[in-house]
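Taking it in order: structure first as structure tokens, then the write-up.
The values are calculated or read from the model by the stated rules, or taken from the named source; none is laboratory data. What you see is a predicted model; the values in this text were computed from it and never measured. Cβ coordinates were reconstructed from backbone atoms using ideal geometry, including for glycine residues, and neighbour counts include every protein chain displayed. The area values use the complete protein model at the heavy-atom level, side chains included, leaving out ligands, DNA and RNA. Shrake-Rupley method; radii C 1.70, N 1.55, O 1.52, S 1.80 Å.
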Amino acid sequence: MQDEVLIVGGGVAGCAASIALARRGRSVTLIEREPTPRHKVCGEFLSGEALEDLHELGIHVASLGAVSIDYVRLAAARRAAEAPLPFPAASLTRKALDTALIAKAIDAGVRVERGRSVQALGRAASDVWQATLDDGTTREAPTVFLATGKHDLRGHARPQDPQRWVAFKMYFRLAPKQAAELAGASELMLYRGGYGGIQPVEGGIANLCCVVQQRYLARSANRWGNFLARIQQDCPHLAMRLAGAEPLLAKPIAITHIPYGYIRRTTENGLYCIGDQAAVIPSFTGDGISIALHTARCAVASYLAAEPAPLFQAKLRSALQPQMRLAEFAADGLNNSLARAVLPFCLRVWPGVMRVTAKLTRIAQQTAVPAEAVAG
Ligand SMILES: Cc1cc2nc3c(=O)[nH]c(=O)nc-3n(C[C@H](O)[C@H](O)[C@H](O)COP(=O)(O)OP(=O)(O)OC[C@H]3O[C@@H](n4cnc5c(N)ncnc54)[C@H](O)[C@@H]3O)c2cc1C
């Protein structure tokens, strides 16, 4: 049996596209390699645009326990400064978000196959794509949405990441005083070789998510415990937050090789690349989920308008380029040792800079989300 659309990957972008297509009467199969949603490396910050798109899909993050994030705090060396966010924002674990998205896709009539991984994607005929699954069976469709996130499919890979970024995520139960000080804030901490964010998520716990270049991680003998101790030395604010904290996972979740700054140049007919397969914005912006939702929405609109996929991909690239360039420029600043040394002295002007940067590294907002939909 052949569906109109096959979606590979059931994370944010794949689910969002599948829901939108099914609601418009298209027959859709979505293949997700994990049998059930699990923790993913992500800061779990939901920007205003992400909240709008989720609201549009019928996902009400408040009812899932999302925590409202009202301001952002930057900590470098011994100083910290904060600024209110210029848009509504929230945080929610990826496990909760991905569970809700998959459930919504099933409700919308998407045929969801979980626990099956696509091993290869090629042409069965000039106008039919064929996906080969890990059990050797195949699925065919004239149109495929590629939404495998950070995982590349053979033959459709993104370029290597020259900086060899490594990312970690760990949940902590903070000491009561630290949890109270973190309430409502997303904190960005700078250290040698990278940066990290800590923010509250549902269930009264905090998510620490950090990125570091491999050559700096090597200085900690590639060990999480050593690395965590080193970044607390570099950033005493983080040491203060983690004093008396209880780690909640046996070990951190980690990923490697994140091609920050990547925007896909082109694609083939009938193959729409969305989410991290379309573009990978530096993590400090907290905008990856928003971009995943945005690219899914644009790809669905393009498909429904019978626009060729290569044209969609080229237009998407032009639209995302200014935001990506600015985010890359800001990320270079955060990763630059001179900038890190100077930043503490500039923190008095930082709130203004932070507000402007936060605004400029967003994609345009379409509609307003009711305040009660953001967080309970
Ligand atoms: C360190 C770090 C911190 C971040 N913090 C934030 C943040 O705070 N806020 C934010 O908005 N963004 C953040 N991001 C970015 C955000 O996580 C991603 O941009 C977003 O998840 C991309 O969505 P996606 O749908 O493309 O991929 P995903 O949500 O990762 O989904 C891809 C899905 O495809 C499945 N899959 C993979 N390969 C196959 C296969 N072969 N067959 C079948 N299924 C497959 C996977 O199991 C997965 O479920 C962060 C990223 C990093 C690295």
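Quick one: helix 350-360 against the long Cα principal axis of the chain, what's the angle to the nearest 10°, folded into 0 to 90?
With rounding to tens, the tilt is 0 degrees.
7 Å from Cα along Cα→Cβ at both Glu268 and Leu338: what's the point-to-point distance in nm?
Each label point lies 7 Å from its Cα, and together they span 4.7 nm.
How do the peptides 133-141, 211-219 rank, highest first, by the average count of neighbouring beta carbon atoms within 10 Å per residue?
Details: 133-141: 14.1, 211-219: 17.8.
Most protected by this proxy first, the peptides run 211-219, 133-141.
Round to the nearest 10 and give me the degree value, 0 to 90, for the angle of helix 309-334's Cα axis relative to the longest principal axis of the chain.
The helix 309-334 is inclined about 10 degrees to the chain.
What whole-number distance in Å separates the alpha-carbon centres of region 81-130 and region 260-329?
Cα centroid to Cα centroid, the span is 15 Å.
Divide by every residue of the chain the summed helix terms, -39500 (n - 2.57) for each DSSP H run of at least 4, and state the resulting mean residue ellipticity at 222 nm, rounded to the nearest 500 deg cm²/dmol.
On the way: 11 runs with 129 residues, N = 376.
Theoretical 222 nm ellipticity from helices: -10500 deg cm²/dmol.
Please report the relative contact order for region 115-208, taking Cα pairs under 8 Å with a sequence separation of at least 6, and give it as a percent rounded to a whole number.
Working: 111 pairs, mean separation 16.9, N = 94.
The value is 18 percent.
Rounded to whole Å and sorted largest first, what semi-axes of the equivalent ellipsoid does the C-alpha gyration tensor of region 2-56 yield via the square root of 5 times each eigenvalue? Walk me through the numbers on the way to the answer.
On the way: eigenvalues 100, 57, 8 Å².
After diagonalising the Cα gyration tensor, the semi-axes are 22, 17, 6 Å.
What distance in nm separates the two pseudo spin-label positions at Gln130 and Glu113, each 7 Å out from Cα along the beta-carbon direction?
That separation, rounded to one decimal, is 1.4 nm.
Once each part is reduced to its C-alpha centroid, what is the distance from region 1-39 to region 135-178 in angstrom?
16
Provide the per residue accessible area, probe 1.4 Å, for the chain, rounded to a whole number of square angstrom. Don't skip to the answer; put the middle values down first.
Working: 15870 Å² over 376 residues.
With the other protein chains kept in place, the chain gives 42 Å² per residue.
Roughly how tilted is helix 224-234, in degrees to the nearest 10 and between 0 and 90, from the longest Cα axis of the chain?
Around 50 degrees separate the two axes.
Grab the beta carbon distance between Ser27 and His151, set R0 = 22 Å, and tell me the FRET efficiency rounded to 0.05. Write down the numbers at each step before the final one.
Details: r = 25 Å, r/R0 = 1.15.
Once rounded, the FRET efficiency stands at 0.30.
Could you check which residue among Arg325, Arg114, Arg78 shows the biggest mean-square fluctuation in a GNM of the chain with a 10 Å Cα cutoff?
With Cα springs under 10 Å in the chain, the top fluctuation among Arg325, Arg114, Arg78 is at Arg78.
Given springs between every Cα pair under 10 Å in a Gaussian network model of the chain, which of Ile31, Ile59, Ile291 has the largest fluctuation?
Top of the fluctuation ranking is Ile59.
I need the Kirkwood Rh of region 210-299: take the reciprocal of the average 1/r across all distinct C-alpha pairs and report it in angstrom. Write down the numbers at each step before the final one.
Working: mean 1/r = 0.0627 Å⁻¹.
Hydrodynamic radius (Kirkwood, Cα only) of region 210-299 equals 15.9 Å.
Relative contact order for the chain: what percent, with Cα pairs under 8 Å and sequence separation of 6 or more? If you can, show how the numbers build up before the last one.
Details: 810 pairs, mean separation 93.8, N = 376.
Once normalised by length, the contact order is 25 percent.
Most fluctuating residue of Gly194, Gly225, Gly286 in a GNM of the chain with Cα springs under 10 Å: which is it?
Comparing Gly194, Gly225, Gly286 in the GNM, the peak value goes to Gly225.
Roughly how many debye, to the nearest 20, is the charge dipole of the chain about its Cα centre, given +1 on each Lys and Arg Cβ, -1 on each Asp and Glu Cβ, and no other charges? Don't skip to the end; give the middle numbers.
Numbers: 42 positive and 32 negative charges, 243 e Å.
My answer is approximately 1160 debye.
Between Ala314 and Lys177, what FRET efficiency comes out of the Förster formula 1/(1 + (r/R0)^6) with R0 = 56 Å and r the beta carbon distance, rounded to 0.05?
Working: r = 52 Å, r/R0 = 0.93.
Result of the calculation: an efficiency of 0.60.
Evaluate the chain: find the radius of gyration of its Cα atoms, find its Kirkwood radius, and give the ratio Rg to Rh. Walk me through the intermediate numbers first.
Numbers: Rg = 20.4 Å, Rh = 21.1 Å.
We get a ratio of 0.97 for the chain.
In the chain, carbon and sulfur make up what percent of the accessible area (probe 1.4 Å)?
Details: 8580 of 15870 Å².
The value for the chain is 54 percent carbon and sulfur by accessible area.
Can you say what percent of the DSSP beta bridges in the chain, counting only those with both residues inside, are antiparallel? Round to 5. If you can, show how the numbers build up before the last one.
On the way: 49 of 69 bridges.
Taking every DSSP beta bridge with both residues in the chain, the antiparallel ones total about 70 percent.
Please list log₁₀ I(q)/I(0) at q = 0.13, 0.20 Å⁻¹ for region 33-162, using the Debye equation with identical point scatterers on the alpha-carbon positions.
-0.77, -1.24
Under the definition of Cα pairs under 8 Å and six or more residues apart, what whole-number percent is the relative contact order of region 214-331? Each step should come with its number before you reach the end.
On the way: 96 pairs, mean separation 28.0, N = 118.
Over region 214-331, the number comes to 24 percent.
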